[in-house]
Amino acid sequence: MEPRATGGPTCEQAREVTCAVLAAHGVTGPDADDALLVVTELVANARRHAGGATAFRIRCRPPEALVQVSDADPELPVDRPTPADVPGRFGWLMINRLAQQVTVETGPSGKTITVVVAARSAEEGGQQRFAAHHGPRGNADRTCDRTGGPPDPTHDRADGRAQGDDR
């Protein structure tokens with residue numbers, strides 16, 4: 001399926017904000033990776049199916065992070081299972097498997113999908129889980145640091161396209 005008009009934040013912009021907010025709270029490893037996958041899928045689906053995200057927000061309060069993506073299409077997301085040899089259509093399933101909670105609110109101006117994911121800081125056992133599941137790795141191997149470190153955790157878009165809220 002070809003993407004429709006693509007407004008709002010790009011997947012890369014949403015991931016940058018997500019990395020900054022999570023890093024500001026010491027969230028790394030699998031919890032950060034899971035949150036980044038959820039953000040990428042939500043924003044990509046909004047861009048592909050609804051003309052782009054009309055709002056994006058991430059709020060981190062360890063041991064959880066709340067991700068919200070709004071778009072202008074009031075249609076509910078659909079789980080469309082396909083054969084394993086057909087690419088795509090696994091995003092909504094993946095979001096639901098990685099999430100602790102998923103809600104979809106619809107209205108005349110579109111929908112907002114809210115996803116709660118685990119976001120444990122190192123003090124809360126995030127690093128121990130990382131080491132237990134993936135073995136010891138240096139900082140350069142973590143998702144948020146692959147491009148030379150996370151963006152400034154105070155990053156906020158003046159145009160409202162993407163917003164990190166770590167209060």
Legend entry - Mean Cβ count within 10 Å, highest first, over the residues of peptides 79-90, 31-42: 31-42, 79-90
Inset, instruction - For Thr54, enumerate residues with amide H under 5 Å from its amide H, sequence gap 5+ or separate chain, H modeled in the peptide plane. - result: Ser70, Asp71, Ala72
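Values in this text are rule-based calculations from the coordinates and carry no lab data. Bear in mind that the values here come from a model prediction, so they are computed numbers and not experimental data. Every residue, glycine as well, gets a Cβ built from its backbone with ideal geometry; the counts of neighbours run over all protein chains shown.
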